[in-house]
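Take a look at the structure below.
The values are calculated or read from the model by the stated rules, or taken from the named source; none is laboratory data. Here the structure is a predicted model, which means the values were calculated and not measured. In this analysis, Cβ positions are derived from the backbone assuming ideal geometry, glycine residues included, and neighbour counts consider all displayed protein chains. All accessible areas refer to the heavy atoms of the entire protein, side chains included, with ligands and DNA or RNA removed. Shrake-Rupley method; radii C 1.70, N 1.55, O 1.52, S 1.80 Å.
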Amino acid sequence: MHKFAAVEGLGSLTAEPLDVRLERITRLARRALNAGGVVVSWKGEDGQWMHCGSGPIERVTSNGSDPLWLAPLQNQDQWVQRDGEVVPYLTAIRLAGAERELVGALVLFDDTAKPRGKHDHDRMRDYASWVETELRVQKLYRGQERLLEELYMARHQALKDQLTRLWNRHAMVELMARELQRAERQVIGTGLLIASLDQIDPGAEPETAEADAMLKTTAERMTTAVRPYDALGKFGGNEFLVMLPSCPAGAVNDVADRMLLSVSIEPFEATKGAVHLSLSIGTAHAGPNARLDPEDLIRAADLALSRAREAGGNTVEEATPADYRPG
């Protein structure tokens, strides 16, 4: 185990960028080895060579092209150059990845010859091993980042209705639970709408392309009637659910009326001719001290929706106090 084993895990414990961590190592190596300069070169995710170090590193780096030490280090751990035109004395030490593949080099350079004994070479290897650890940690970190992004996107997609791209029922209930907890500390409350498209039978799962197109059009038009921070979801069959955070009780029906207008504002071109889309809407509201859970609020709005359907549709009905009682 090399001398820097105690600090090998630094990269995993810090939020510092990789180049900052590597620059610190080269600064320590330059001082300890009395070198004119020390450079770490490694290949970035875009395939270009990257460099950072301490001292006049531009003398031994290039703009993205292959470094001069690349070919020699393919088959050996260390390469030494003497009497070079730009840098007379240069030592490049191979940096290996988890599969022992070449991933970069730790490069020391000087303008004058300096005797390097076994002790110096051991220290060079120690610093090279430290750099290897940082590169592996960074690769692992980036892999974890990508995995988390993929998991986030997968969960995000799982919470979306595949047809309308609105939130699905599970997502809406989860959002409502959070909002209702937050709303208990507010003085305004939370509004809820359940709307059903009158042109599709309640409870029926649409099975035609035209029905799907109606629902998608309805979803798009409903979106224009809500605020950016309101939540709009597909609730199954021909139903939609809208959560209105920080919404006064008196404003919930105003939003519902605006939705009726936005959905019916222009005809939908169906196979048998133009159709005027319309909604039946039930509204409910949870005040700051209501202590309702999502299902309580949904039940109240759903009872109001039933009355809107019974009234012939294209109308809004508000939940009554009796609707909030557990059924």
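For the stretch 187-212, name all the residues that are assigned to a loop (DSSP other than H, G, I, E, B), surrounded by fewer than 19 Cβ atoms within 10 Å (Cβ to Cβ) and not β-branched (Val, Ile, Thr).
Asp201, Pro202, Gly203, Ala204, Glu205, Pro206, Glu207, listed by residue number.
I'm trying to understand the selection: among the residues of the stretch 103-129, which are of a type in the set (D, E, K, R) and part of a helix (DSSP H, G or I)? So that I can check it myself, show each step before the final result.
First, the residues of the stretch 103-129 that are of a type in the set (D, E, K, R): 110-111, 114, 116, 118, 120, 122-123, 125-126.
Result: Lys118, Asp120, Asp122, Arg123, Arg125, Asp126.
Restricting attention to strands (runs of 3 or more DSSP E) lying wholly within the stretch 249-323, give those where 2 or more residues are crowded, with 17+ Cβ neighbours inside 10 Å. Let's see the steps before the verdict.
Numbers: elements: 268-270, 273-275, 279-286, 315-318.
The strands (runs of 3 or more DSSP E) meeting that bar are 279-286, 315-318.
Of all the residues that make up the stretch 158-186, how many are open to solvent by less than 30 Å² (accessible area, probe 1.4 Å) and hydrophobic (A, V, I, L, M, F, W, C)?
Qualifying residue count, the stretch 158-186: 7.
Suppose we filter the stretch 38-96 for residues that are in a loop (DSSP other than H, G, I, E, B), within 19 Å of Pro115 (Cα to Cα) and modelled with pLDDT of 90 or more; how many remain? If you could, list the steps in order and put the result at the bottom.
Initial filter on the stretch 38-96 (in a loop (DSSP other than H, G, I, E, B)): 44-48, 55-56, 60-69, 74-77, 83-88.
Right, trim to within 19 Å of Pro115 (Cα to Cα) and you get 83-84, 87-88.
Next, from what is left, pick out any that are modelled with pLDDT of 90 or more: none.
The total comes to 0.
Pairs under 6 Å by beta carbon, first residue touching a residue at least 24 places away in the same chain (Cβ under 8 Å) in the stretch 251-267, partner in a helix (DSSP H, G or I), six or more apart or different chains?
From residues that are touching a residue at least 24 places away in the same chain (Cβ under 8 Å), the pairs are Met259/Met222; Ser262/Arg221; Val263/Thr218; Val263/Arg221.
Do the conditions hold for Glu132, that is, is it assigned to a helix (DSSP H, G or I), free of Cβ contacts under 8 Å to residues at least 40 places away in the same chain and surrounded by 17 or more Cβ atoms within 10 Å (Cβ to Cβ)?
It is true that Glu132 is assigned to a helix (DSSP H, G or I), free of Cβ contacts under 8 Å to residues at least 40 places away in the same chain and surrounded by 17 or more Cβ atoms within 10 Å (Cβ to Cβ).
Mind telling me which of the residues Leu175, Leu180, Leu215, Leu151 ends up being of a type in the set (A, V, I, L, M, F, W, C), at pLDDT below 80 and assigned to a helix (DSSP H, G or I)?
Working: Leu175 fails: at pLDDT below 80; Leu180 fails: at pLDDT below 80; Leu215 fails: at pLDDT below 80.
When all the criteria are applied, what remains is Leu151.
Per-residue answers, yes or no, for (1) surrounded by 16 or more Cβ atoms within 10 Å (Cβ to Cβ); (2) in contact with a Gly (Cβ under 8 Å, 6 or more places away or on another chain); (3) in contact (Cβ under 8 Å) with a residue 40 or more places away in the chain:
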{"site": "Ile25", "(1), (2), (3)": "yes, no, yes"}
{"site": "Leu33", "(1), (2), (3)": "yes, no, yes"}
{"site": "Val39", "(1), (2), (3)": "yes, yes, yes"}
{"site": "Gln48", "(1), (2), (3)": "no, yes, no"}
{"site": "Gly53", "(1), (2), (3)": "yes, yes, yes"}
{"site": "Ser65", "(1), (2), (3)": "no, no, no"}
{"site": "Leu70", "(1), (2), (3)": "yes, no, no"}
{"site": "Val80", "(1), (2), (3)": "no, no, no"}
{"site": "Thr91", "(1), (2), (3)": "yes, no, no"}
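Hey, any hits in the stretch 220-238 for a residue that's at positive phi and in a strand (DSSP E or B)? Don't jump to the end; show me each part of the working.
First, the residues of the stretch 220-238 that are at positive phi: 236-237.
Now narrow it down to the ones that are in a strand (DSSP E or B): 236.
Scanning the stretch 220-238 turns up at least one residue that is at positive phi and in a strand (DSSP E or B).
So Gly233 fits all but one of (1) out of contact with any Phe, Trp or Tyr (no Cβ under 7 Å at 6 or more places or on another chain); (2) farther than 22 Å from Ala290 by Cα; (3) among the small types (Gly, Ala, Ser); (4) buried (at least 20 other Cβ atoms within 10 Å of the Cβ); what number is the exception?
(1)
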